[in-house]
Amino acid sequence: APRPAGRPAIRTVLGDRPYLAVVAATAVLSLCWAMLSAGLPLWLAGRTHLPLGLGGVVVVLSSVGIALFQVPFARFARTVHQAARTAVVSGVVLAASCVLLATTAGGAGAGAVTVVVLAALLHVVGELGYVAANWGLSVRLMREDAKGAYQGVTEAATATVQMVGPGVFTLAVGGLGAPGWLLVALVFLAAAAPVPALTRRAVRTREPAGRATHVTPAVRNTGGGATL
């Protein structure tokens, strides 16, 4: 429903609890950026016998994967319901990446390197899924008369997670070791699981409900990772 005349746009967004719930859940998935920038270097240096340079190789691999597949992945979020399902897939894949990394505790040699690279490939898929889902959900659930405020709140939620992300991985991975990776995996799963239900609730508050509009994604970079 349109907001009353004269009502500040930001109040419209802050009063839109269904939208805020979707944004809060999907924003947690942006921990994937700190996973490579903070979690992996700590892990390699403190909990494995693998070369630290492997972290750089993983970052390059991730960057190339994002550059090649970012736009094609947008097709998995053409509607809000597709985007919600993609968010779930993203959470599951990122969790699997964390579990694989946990198995390399104390690891060395080609076998452990192979597992880290496989975890990195899963991370790329998870990040691409998160980016597509975040774009698809945030844009398609915005109210037409307050788009700027909606975008601002979405970016603020993501920035907040990016700000605390390094601390999360320092405490989890640096402090707990392999169980820390499993804890982060549970966080990814817990964040992604309710997204479809939250999305259906948000769609019911929009008019017309469930319309699958088509939005062409714009590519940009923000801090820890690439977004659509």
*Considering each residue of the stretch 35-60, count those that are open to solvent by 50 Å² or more (accessible area, probe 1.4 Å) and among the polar types (S, T, N, Q), and give that number.*
1
*Please specify each residue of the stretch 105-116 satisfying the condition of being within 28 Å of the chain's Cα centre (by Cα) and in contact (Cβ under 8 Å) with a residue 60 or more places away in the chain.*
Ala105, Ala112, Val113, Val116
_Restricting to the stretch 132-157, name every residue that is open to solvent by less than 10 Å² (accessible area, probe 1.4 Å) and closer than 15 Å to Ala191 by Cα._
Ala133, Leu137
*Is there a residue being open to solvent by less than 40 Å² (accessible area, probe 1.4 Å), over 21 Å from Ala21 (Cα atoms) and assigned to a helix (DSSP H, G or I) anywhere in the stretch 83-92?*
no
*Give Leu171, Leu182 a once-over and let me know the one that is without any contact (Cβ under 8 Å) to a residue 12 or more places away in the chain and within 30 Å of Gly106 (Cβ to Cβ).*
Leu171
*Which one of these is within 12 Å of the chain's Cα centre (by Cα) and in a helix (DSSP H, G or I): Leu128, Leu122?*
Leu128
*Would you mind stating whether Ser97 is in a helix (DSSP H, G or I), within 14 Å of the chain's Cα centre (by Cα) and not aliphatic (A, V, I, L, M)?*
yes
_I need a count of the residues in the stretch 158-179 that are more than 19 Å from the chain's Cα centre (by Cα), of a type in the set (A, V, I, L, M) and open to solvent by less than 40 Å² (accessible area, probe 1.4 Å)._
1
*So which helices (runs of 4 or more DSSP H) stay within the stretch 1-76 end to end and still have 1 or more residues that are under 20 Å from Leu137 (Cα atoms)?*
9-14, 17-28, 31-34, 53-69
*Tell me, which residue of the stretch 67-82 that is modelled with pLDDT under 95 and in contact with a Phe, Trp or Tyr (Cβ under 9 Å, 6 or more places away or on another chain) is surrounded by the most Cβ atoms within 10 Å (Cβ to Cβ)?*
Ala77
_Against the condition within 30 Å of Ala45 (Cα to Cα) and either hydrophobic (A, V, I, L, M, F, W, C) or touching an Asp or Glu at 6+ places or on another chain (Cβ under 7 Å) (or both), how does Ala110 come out, does it pass?_
yes
*Within the bounds of the stretch 18-28, is there any residue that is surrounded by 21 or more Cβ atoms within 10 Å (Cβ to Cβ) and either of a type in the set (Asp, Glu) or more than 16 Å from the chain's Cα centre (by Cα) (or both)?*
yes
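The values are calculated or read from the model by the stated rules, or taken from the named source; none is laboratory data. Every value quoted in this text rests on a predicted model; they were computed, and no experiment measured them. Glycine gets a Cβ as well: all are built from the backbone with ideal geometry, and neighbour counts include every protein chain shown. When the accessible area is computed, the model is the full protein with side chains, heavy atoms only, and any ligands, DNA or RNA have been set aside. Shrake-Rupley method; radii C 1.70, N 1.55, O 1.52, S 1.80 Å.
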